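The values are calculated or read from the model by the stated rules, or taken from the named source; none is laboratory data. Just so it is clear, the model here is predicted, and its values are computed rather than measured. Cβ atoms come from the backbone with ideal geometry, glycine included; neighbour counts cover every protein chain shown. In case anyone asks, the SASA skips ligands and DNA or RNA and just uses the protein heavy atoms, side chains included. Shrake-Rupley method; radii C 1.70, N 1.55, O 1.52, S 1.80 Å.
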Amino acid sequence: MSVIRSVVLGCGAYLPDNVVSNDDLAKRVDTSDAWIFERTGIRRRHLARDGEVTSDLALKAGEAALKAAGVGIDEIDLIVCATTTPDETFPATATRVQARLGMTRGAAFDVQAVCSGFIYGLSVADNFIRAGQSRTVLLIGAETMSRLMDWNDRTTCVLFGDGAGAVVLRAETGAGSLADRGVQNTQLYSDGRLHDLLYVDGGPSSTRTTGYLRMQGKEVFRHAVTNISAAIQASADAAGVSVSDIDWFVPHQANQRILDGTARKLGIPAAKVISTVADHGNTSAASVPLALAAAVGDGRIKRGDLVLLEAMGGGFTWGSALVRW
Ligand code: ACO
């Protein structure tokens with residue numbers, strides 16, 4: 001039975017050139033490189049400069065993905081931008097990227113699922129493609145999380161960074177089997193009751209301000225390993241494979257201990273888990289495509305590999321996607 005599959009044609013990434021080390025942060029708040037690295041695996045983060053906004057980062061990652069895919073902007077009929085840090089409350093950051101890429105047809109909109117944004121965006125893009133409404137989609141995850149930080153709160157400001165990553169997806173005909181290239185399945189979940197564990201204490205409708213990120217770190221950690229492990233298992237089950245059949249795991253880069261805890265729980269060898277958290281910290285919706293671009297760029301992820309993407313974030317939201325590269 002032939003089916004439509006969303007095949008990844010190329011990916012790209014962008015990190016701001018302003019690199020801030022743990023030692024740099026220790027000059028601003030009472031912390032140390034040793035504390036941050038031991039608890040999180042983070043060594044440095046890239047922070048947008050004054051005036052550098054999310055659409056600037058998204059544009060650069062989008063251009064890199066189009067180049068890697070060998071696709072012109074005239075071929076794109078949908079831009080989806082996953083972000084929780086839009087340039088403005090409205091319009092969508094995706095429409096700013098659309099204009100700057102010179103795309104004058106089709107549609108562009110944002111998806112808001114915080115750190116799970118890229119997985120949610122991938123699911124949206126895949127559904128648009130499989131329904132026949134889009135043929136070629138530019139999916140971007142882009143964030144300036146530094147703008148949501150309380151820079152006096154050492155329990156949060158050391159964890160996050162800015163960046164962007166993107167992929168180009170195109171409709172291709174598959175046989176409906178696990179051998180098909182493209183997205184095999186996506187799994188999405190949320191539980192709004194867990195709002196208070198991770199949220200931003202502002203917004204246009206409540207305070208008319210942007211607000212600051214607030215988090216109960218230990219509780220988030222506990223839920224993260226449980227939820228992410230379940231989402232990975234759900235993707236494997238939906239495809240009829242065992243977790244050990246998956247070649248690569250590309251997790252949301254929140255914390256090395258969450259990556260290690262999840263891998264341990266599911267018996268995944270560390271060598272199969274792509275980790276870039278040391279270099280950029282938690283970049284929310286940008287982190288999965290940043291890790292993906294790194295592993296595709298250095299040749300680890302190759303055509304034909306079975307790749308599992310996963311994330312969890314505020315809401316809570318979480319999910320996974322299984323992709324034949
Ligand atoms: N530097 C030095 N000391 C610190 C810092 C810091 N940056 N932050 C907290 N501390 C102190 C605390 O004040 C506390 O001191 P006390 O014992 O005197 O009270 C001590 O360190 C231990 O604090 P805990 O919060 O218990 O530290 P924990 O081991 O839980 O680590 C962390 C904190 C790293 C936030 C951990 O809970 C975590 O990683 N949680 C997951 C959070 C996460 O990744 N969120 C991202 C968004 S969700 C997602 O993407 C999945």
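Take Ala164 and tell me if it is in contact with a helix residue (DSSP H, G or I) (Cβ under 7 Å, 6 or more places away or on another chain), of a type in the set (A, V, I, L, M) and surrounded by fewer than 24 Cβ atoms within 10 Å (Cβ to Cβ).
no
Residue-level check: of (1) over 18 Å from Leu322 (Cα atoms); (2) surrounded by 22 or more Cβ atoms within 10 Å (Cβ to Cβ); (3) of a type outside the set (S, T, N, Q), His195 misses just (2).
Scanning the stretch 147-180 for residues that are part of a strand (DSSP E or B) and under 30 Å from Asp23 (Cβ atoms) yields Phe160, Asp162, Gly163, Ala164, Gly165.
Within the stretch 38-71, the set of residues being outside any loop (DSSP other than H, G, I, E, B), open to solvent by 80 Å² or more (accessible area, probe 1.4 Å) and touching a residue at least 40 places away in the same chain (Cβ under 8 Å) comprises Arg39, Arg44, Lys60, Glu63, Lys67.
The single condition among (1) touching a Leu at 6+ places or on another chain (Cβ under 8 Å); (2) within 11 Å of the ligand (Cβ to nearest atom); (3) of a type outside the set (Ser, Thr, Tyr) that Gln184 does not meet is (2).
For the structure I just gave you, tell me whether Thr276 is hydroxyl-bearing (Ser, Thr, Tyr) and in contact with a strand residue (DSSP E or B) (Cβ under 8 Å, 6 or more places away or on another chain). Spelling it out, it is not the case that Thr276 is hydroxyl-bearing (Ser, Thr, Tyr) and in contact with a strand residue (DSSP E or B) (Cβ under 8 Å, 6 or more places away or on another chain).
Picking from residues in the stretch 200-225 that are open to solvent by 60 Å² or more (accessible area, probe 1.4 Å) and assigned to a strand (DSSP E or B), the one that is nearest to Arg154 (Cα to Cα) is Arg214. What tally of residues in the stretch 87-105 results from selecting those that are in contact (Cβ under 8 Å) with a residue 40 or more places away in the chain, part of a helix (DSSP H, G or I) and β-branched (Val, Ile, Thr)? The total comes to 2. The condition of being more than 16 Å from the ligand (Cβ to nearest atom), assigned by TED's automatic domain parsing to the domain that holds Gly163 and among the aliphatic types (A, V, I, L, M) holds for only one of Ala34, Ala99, Ala82, that being Ala99.
Every listed requirement among (1) open to solvent by less than 40 Å² (accessible area, probe 1.4 Å); (2) away from the ligand (no atom under 16 Å from the Cβ); (3) not hydrophobic (A, V, I, L, M, F, W, C) is met by Ser146 save one, (2). Here are Ala108, Ala125: which of them is more than 30 Å from Ile42 (Cα to Cα), part of a strand (DSSP E or B) and outside the structural domain of Val250 (by TED's automatic domain parsing)? Unique residue meeting the criteria: Ala108. Take the conditions (1) in contact with a Pro (Cβ under 7 Å, 6 or more places away or on another chain); (2) in contact (Cβ under 8 Å) with a residue 60 or more places away in the chain; Asp110 misses just one of them, which is (2).
If you check Leu159 against the conditions, is it open to solvent by 10 Å² or more (accessible area, probe 1.4 Å) and among the hydrophobic types (A, V, I, L, M, F, W, C)? So Leu159 fits the description; yes.
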